[in-house]
1. Please specify each residue of segment 92-140 satisfying the condition of being in a helix (DSSP H, G or I) and β-branched (Val, Ile, Thr).
2. Looking at (1) open to solvent by 50 Å² or more (accessible area, probe 1.4 Å); (2) at pLDDT 95 or above; (3) under 21 Å from Pro158 (Cβ atoms), can you tell me which one Asp41 breaks?
3. Which of the numbered conditions does Ala92 fail, given that it passes all the others? Conditions: (1) modelled with pLDDT of 95 or more; (2) open to solvent by 50 Å² or more (accessible area, probe 1.4 Å).
4. Collect the residues in segment 117-146 that are over 19 Å from Leu185 (Cβ atoms) and either in contact with a Pro (Cβ under 7 Å, 6 or more places away or on another chain) or among the hydrophobic types (A, V, I, L, M, F, W, C) (or both), keeping them in residue-number order.
5. Where the second residue is within 11 Å of ligand 1 (Cβ to nearest atom) and modelled with pLDDT of 95 or more and the first is farther than 24 Å from Trp187 by Cβ and hydrophobic (A, V, I, L, M, F, W, C) and lies in segment 63-87, which pairs have Cβ atoms under 8 Å and are six or more apart or on separate chains?
6. Among the residues of segment 60-81, are any in a loop (DSSP other than H, G, I, E, B), of a type in the set (S, T, N, Q) and on the phi < 0 side of the Ramachandran plot?
7. Answer yes if at least one residue in segment 22-29 is open to solvent by less than 40 Å² (accessible area, probe 1.4 Å), assigned to a helix (DSSP H, G or I), modelled with pLDDT under 95 and of a type outside the set (Asp, Glu), and no otherwise.
Amino acid sequence: AIVGLQASGKTSFVNVIGSGQVKRSFYPFDSSLQFQQWSEDVVPTVGFIFRKVRKGNVTLKIWDVAGQPKFRSMWERYCHGVDAIVFIIDSADPEKFNTARFELHQLLGQPALIGVPLLVLGNKNDLEGHVPVKDLIRDLQLDKISDRPVSCYSVCRPSRASLTMTLTLIFQCSMKSQHNLDIVLQWLAGRSH
Ligand SMILES: Nc1nc2c(ncn2[C@@H]2O[C@H](COP(=O)(O)OP(=O)(O)OP(=O)(O)O)[C@@H](O)[C@H]2O)c(=O)[nH]1
Ligand SMILES: [Mg+2]
């Protein structure tokens, strides 16, 4: 399940990892087939979106849950029984960190979710003034979480141009380190049962 405040980039993240998959099934040099699903314009999610994304021999089943205040009480329901909780935060918007920390710890405090591994993604690291991982860990008080494995990475959605280039230049080359998407996918695949 992917949760986080509104506009933190959850749906964009799923679209990016999903479009990489769509691409891989096509001939890599035929750019006309690229980005059928990927777009930089995303509308706020209402409720949730369920997506299946195949990566190698692992199929990720993803609940992309809406982040606006009226939907946050749904987060817990979609986190029940999952292999991992992914919490996405807009790392370039520190004014929202207090709210994000509150919502995250509120969610993790639910007895049914004890032990479920947590992946925190500080998104939008392409924007100036974004907060690095070290500070995110402090501001979200991730170091206080002791009842589950926790990982935190700084990520961003690749620009359309760089995503085209990376994927067109044959898929085995990994994304630029700024994006960190390959690391994140490995982490997710490693949590799956
Ligand atoms: N600069 C930048 N913008 C991003 C990035 N990821 C997402 N965005 C933008 O952030 C805005 C919100 O993205 P969404 O993916 O809709 O956010 P969300 O978390 O799904 O929002 P809700 O569905 O309302 O909870 C969109 O305009 C995206 O284009 C990123 O890595 N960098
Ligand atoms: Mg969304």
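1. Narrowing segment 92-140 to residues in a helix (DSSP H, G or I): 94-108, 111-113, 133-139.
Result: Thr99, Val133, Ile137.
2. Tallying (1) open to solvent by 50 Å² or more (accessible area, probe 1.4 Å); (2) at pLDDT 95 or above; (3) under 21 Å from Pro158 (Cβ atoms), Asp41 fails exactly one: (2).
3. For Ala92, the exception is condition (2).
4. Of everything in segment 117-146, those that are over 19 Å from Leu185 (Cβ atoms) and either in contact with a Pro (Cβ under 7 Å, 6 or more places away or on another chain) or among the hydrophobic types (A, V, I, L, M, F, W, C) (or both) turn out to be Leu127, Val131, Leu136, Ile137, Leu140, Leu142, Ile145.
5. Every condition considered, the pairs that remain are Phe71/Val65; Met74/Val65; Met74/Ala66.
6. Initially, segment 60-81 is screened for residues in a loop (DSSP other than H, G, I, E, B), giving 66-68, 80-81.
Now narrow it down to the ones that are of a type in the set (S, T, N, Q): 68.
Restricting the remaining residues to those that are on the phi < 0 side of the Ramachandran plot gives 68.
Scanning segment 60-81, I find at least one residue that is in a loop (DSSP other than H, G, I, E, B), of a type in the set (S, T, N, Q) and on the phi < 0 side of the Ramachandran plot, so the answer is yes.
7. If we filter segment 22-29 for residues that are open to solvent by less than 40 Å² (accessible area, probe 1.4 Å), which is where we start, we get 22-23, 28.
Now narrow it down to the ones that are assigned to a helix (DSSP H, G or I): 22-23.
Next, from what is left, pick out any that are modelled with pLDDT under 95: 22-23.
Right, trim to of a type outside the set (Asp, Glu) and you get 22-23.
Looking for residues that are open to solvent by less than 40 Å² (accessible area, probe 1.4 Å), assigned to a helix (DSSP H, G or I), modelled with pLDDT under 95 and of a type outside the set (Asp, Glu), one finds at least one in segment 22-29, hence yes.
The values are calculated or read from the model by the stated rules, or taken from the named source; none is laboratory data. Predicted, not measured: the structure shown is a model, and the values here were computed from it. Positions of Cβ are backbone-derived with ideal geometry, glycine not excepted, and every protein chain shown enters the neighbour counts. With ligands, DNA and RNA removed, areas are computed over all heavy atoms of the protein, side chains included. Shrake-Rupley method; radii C 1.70, N 1.55, O 1.52, S 1.80 Å.
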